[in-house]
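Report on one structure; see the data block that follows.
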Amino acid sequence: MKRYFAAAIELTLVAVLAALVGTCAIAQTLQLSPSDSRPAGPISISLEMRGDLAMAHQQYLQAIDAYSQEPNKSAAIWNKMGMAYHHLFAVDQARRDYERALQLRPDYPEALNNLGAIYYAKKNYGKAIKYYGKALQFDPKSAAVYSNLGTAYFARGKVTLGIDAYRSAFTLDSRVFESTSALLVNESLPAHDRAQQDYCLAKLFAQSGKNQEAIQYLRKALNEGFTDRKKILDDRTLASLRTTPEFSQLMTEEKLR
């Protein structure tokens, strides 16, 4: 469950740093009199910003401490507290805070997605699918949530629905399956399901002409136990891939195993 929420924290950190840089730039452009040239005092930042900075440095206990001191917690702060607990694998506390966020803002797609991730971690894939679906109702262009939805379908053995969700994710953002993508859920699938999942991803990349990525996922599928060599050689989706030297090398490596 690593990588769920890095993007939100990074964006907040960028905003904080931009504000600080902007303050410095303004100060430099002012013509200060000698009496005004005394050292400036410490810059005060809000409790929420302190929590965001702690999250960016993976200091999750410090982040929780900062967020919890905020007297008027918004849905966003409850969601961030849940994220901090989630990173600490305290899933029950995380669920509680996501639910508090949703009490304040029932149409909050990030909190709905995160709650889905809680149930995914608990292997309650039916509820995970339910919450991912709700998140997409309010944010239908979220590639990351579609990716999570597809992974949950794979976990339930619903391969066709999983492929459809992945295709939607890929259409919205072809980079969503990269390791740095936010909100990506994939570590809990059994090896056999991961192999099927990565084979499907190889097909999606091959269809879009991204042969290097397709080879990468095909290699992962084979390493994870995908054994249907005939399917690889006959699949029309992989036709363009089979003409590349990388594909020939991969198949040669498989023969040597």
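Give the dimensionless ratio obtained when the Cα radius of gyration of segment 91-144 is divided by 2.2 N^0.38 Å.
On the way: Rg = 10.3 Å, N = 54, 2.2 N^0.38 = 10.0 Å.
Normalised Rg, Cα atoms only: 1.03.
List, in the order given, every pair from K80/K130; K80/K210; K134/K158; K73/K134; K130/K230; K123/K230 whose Cα-Cα distance in the structure shown is over 28 Å. All intermediate terms of the calculation are to be shown ahead of the outcome.
Numbers: K80/K130 21 Å; K80/K210 35 Å; K134/K158 19 Å; K73/K134 23 Å; K130/K230 36 Å; K123/K230 33 Å.
K80/K210; K130/K230; K123/K230, as the Cα separations exceed 28 Å there.
Obtain the nm distance between the two label points defined at D173 and T252 by a simple spin-label model: each point lies 7 Å from its Cα along the Cα-to-C-beta direction.
3.8
Rule-based calculations on the coordinates, nothing more; no lab input. Fair warning: this is a prediction, and the values are worked out from it, not measured in the lab. Ideal geometry is used to build each Cβ from the backbone, glycine not excepted, and the neighbour counts take in all protein chains shown.
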